[in-house]
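Read-outs throughout are calculated quantities, based only on the coordinates presented, and are distinct from any laboratory measurement. From a predicted model like this one, the values you see are computed outputs, not experimental measurements. Methodologically, a virtual Cβ is constructed for each residue, glycine included, from the backbone with ideal geometry; neighbour enumeration extends over all protein chains shown.
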Amino acid sequence: MVLGRNNVHVSGSGDRMMFFSHGFGCDQTMWSEVSRVFEDRFQCVLFDHVGAGDSDLSAYDSAKYASLDGYASDVVEIGEALGAENAVFVGHSVSAMIGALASIARPEMFTDLVMVGPSPRYLDDEGYHGGFSRPQLDELLQFLDENHFGWSQQMAPAIMGNPDRPELGQRLSESFCKTDPAIAREFARTTFYSDNRDDLSEIRARTLVLQCREDIIADEKVGEYVAAAIPESHYKLLDATGHCPNLSAPDQVITAIREFV
């Protein structure tokens, strides 16, 4: 039931598993260019968070998924169903923190963590730069509430960056538009109003933080903060722009992960 709920697919070979987890408004296909390269060394696990992609939408529960802990518990259940141990978890955007929570809950299951464009808190706070003021986030989410498709078409190219490659922004926009609007609204609030700063010091997994330049969702200051707060972390600034290097610069992401694992 767990594997069907999250539309889990496993491919490749090897003694270890490598989990790939997508960000808000996306699904597992966003990792396809990267994951296939690791199939010769790892069992690659692709899945959709409940409410995304081809997951079981009937399994969505607003109370459970009002916190990132709900998504992290699903990740642990997937790992249990597959018998995962000593696995690598690769998480993009909000899934970086979902993976962090899963690794804290089950450190023997996820011993290596790759965080791509992570943010423990998107809201600015006293002495902390998250990148967004409360009015900015409120306006962003109100726009999503009022016009899901308009929000998707306008925000996707900005989030993707790389304006010289409009097909990338179009791909992300189409992914946003496929997401159930009601679930997208709730997941957006769970994501953007979360605060997981205190969890960073609890991470015991070897961690690689991958950061892009000109990322309007989680900029360099945020990535540097994450890396500094995790006990055993490595920080790498990619020669890439935007928030989705798994799509815009997959070769760089692949190289960085290879060097890490």
Difference of contour (0.36 nm per residue) and Cα-Cα distance, S201 to E139
19.2 nm
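So between A105 and S13, what do we pick up on full extension, going 0.36 nm a residue minus the alpha carbon distance?
Numbers: separation 92, 0.36 × 92 = 33.12 nm, distance 2.61 nm.
Length difference between fully extended and current span is 30.5 nm.
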In Å and on Cα atoms, what radius of gyration and Dmax does segment 50-94 show?
11.6, 31
Please sort by residue number the chymotrypsin sites (Phe, Trp or Tyr not before Pro) in segment 1-39 whose DSSP state is loop and whose Cβ has at most 13 other Cβ atoms within 10 Å.
none
Rounded to the nearest 5, what % of DSSP beta bridges with both residues in the chain are antiparallel?
20
Between L208 and residues 5 or more places away or on another chain, the pairs with built amide H atoms under 5 Å apart involve L113, V114, M115, H234
Calculated Rg and Dmax of the Cα atoms in Å (choose from [x] 22.1, 86; [y] 19.2, 62; [z] 16.7, 48), label:
[z]
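Taking segment 149-250, how much of its Cα-Cα pair set, in percent, is spaced more than 20 angstrom apart?
Details: 2502 of 5151 pairs.
More than 20 Å apart: 49 percent of the Cα pairs in segment 149-250.
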Straight-line reach check, K221, cutoff 21 Å on alpha carbons, 8 or more apart in-chain or any other chain, hits among lysines -> K236
Per principal axis, descending, Cα span of segment 72-116 in whole Å:
25, 18, 15
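Mind checking the dipole of the chain: about its Cα centre, +1 per Lys or Arg Cβ, -1 per Asp or Glu Cβ, Debye to the nearest 20?
300
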In whole angstrom, note down how far apart the Cα centers of segment 154-178 and segment 193-228 are.
23
Hey, how many Å between the Cα centroid of segment 5-78 and the Cα centroid of segment 231-250?
20
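Where the convex hull is taken over the Cα atoms of segment 15-139, what is its projected area averaged over directions, in nm²?
Details: hull surface 35.2 nm².
Average projection, Cα convex hull of segment 15-139: 8.8 nm².
Between E85 and H129, what's the calculated FRET efficiency when r is the beta-carbon distance and R0 is 25 Å? Round to 0.05. Intermediate values should be presented prior to the final figure.
Working: r = 37 Å, r/R0 = 1.48.
For E85 and H129, the calculated efficiency is 0.10.
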Output the antiparallel fraction of DSSP beta bridges having both residues in segment 1-124, as a percent to the nearest 5.
20
Need one number: nm distance between label points at Q153 and T29, each 7 Å from Cα along Cα→Cβ, rounded to one decimal.
2.0
What is the distance, in nm, between label points placed 7 Å from the Cα along the Cα-to-Cβ direction at E174 and at A63?
3.9
For an R0 of 22 angstrom, estimate the FRET efficiency from the Cβ-Cβ distance between E167 and T241 and round to the nearest 0.05.
0.90
Express in nm, to one decimal, how much length is gained between D40 and V261 on full extension, taking 0.36 nm for each residue of separation and deducting their alpha carbon distance.
78.2 nm
Distance in nm between label sites at E224 and D56, each 7 Å beyond Cα in the beta-carbon direction?
4.6
